[in-house]
Amino acid sequence: QVQLVESGGGLVQPGGSLRLSCAASGVLFSSLTMAWYRQAPGNLRELVAAITKRGEITNIADSVKGRFTISRDNAKNTVYLQMNSLKPEDTAVYYCNVAGTTLWGQGTQVTVTS
């Protein structure tokens, strides 16, 4: 059974940082491109960043460039999203995804507010 479990979301002030984690099980994680998406209320789900099995970053949204970093640890079957200099417009539910598939985690809420 495939499972993607996100963690690390929360409430943070503007300018703060959070690190999201997504632990995968039931898949050959080291062979997969992984991605983070986010969805704010009333908006479509959008791609934030993606990383290949070798750790090459293939996509990163213009809105987060220079602030967010995607990384992975294949030994731990985990993909991360380090989010720095957070802004209120980063508020959303963040989802982990096996790129190109319908495999999604349950999401983790990130709220940036003063």
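Here, each number is a calculation from the coordinates, and none is a lab measurement. Just so you know, these numbers come straight off a predicted model, no measurement behind them. Ideal geometry is used to build each Cβ from the backbone, glycine not excepted, and the neighbour counts take in all protein chains shown.
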For the pair residue 31 and residue 65, how long in nm is the line joining their label points, each one 7 Å along Cα→Cβ?
-> 3.4 nm
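So which chymotrypsin sites (Phe, Trp or Tyr not before Pro) in the stretch 13-114 pass both tests, a DSSP loop state and at most 14 other Cβ atoms within 10 Å of the Cβ?
Working: sites: 29, 36, 37, 68, 80, 94, 95, 104; in loops: none.
Answer by residue number: there is no such site.
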Any GluC sites (Glu not before Pro) in the stretch 36-114 that lie in a DSSP loop and have at most 14 other Cβ atoms within 10 Å would be 56
In nm, what is the difference between 0.36 nm times the number of residues separating residue 106 and residue 74 and their Cα-Cα distance?
-> 9.4 nm
Residues of the stretch 65-98 with backbone N under 12 Å of the label point set 7 Å from the Cα of residue 114 along Cα→Cβ are 88
Could you size up the charge dipole of the chain around its Cα centre, putting +1 on the beta carbon of Lys and Arg and -1 on that of Asp and Glu, and report it in debye to the nearest 20?
-> 180 debye
Taking the dipole of the stretch 1-105 about the Cα centre (Lys, Arg +1; Asp, Glu -1; charges at Cβ), the one of 41, 31, 86 that reaches farthest to the positive side is 31
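Name the trypsin sites (Lys or Arg not before Pro) in the stretch 5-102 that are in a loop by DSSP and that have at most 12 other C-beta atoms within 10 Å, would you? Show your work: numbers first, answer last.
Details: sites: 19, 38, 45, 53, 54, 65, 67, 72, 76; in loops: 45, 53, 54, 65, 67.
Here the sparse-neighbourhood loop sites are 54, 65.
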For residue 56 and residue 84 in one chain, what is 0.36 nm times their gap in residues minus the Cα-Cα distance, to one decimal in nm?
-> 8.1 nm
Expressed as a whole number of Å, what is the distance separating the alpha-carbon centroids of the stretch 68-83 and the stretch 25-53?
-> 11 Å
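From Cα pairs below 8 angstrom and at least 6 apart in sequence, can you work out the relative contact order of the stretch 15-65, rounded to a whole percent?
Values: 53 pairs, mean separation 12.9, N = 51.
For the stretch 15-65, the relative contact order is 25 percent.
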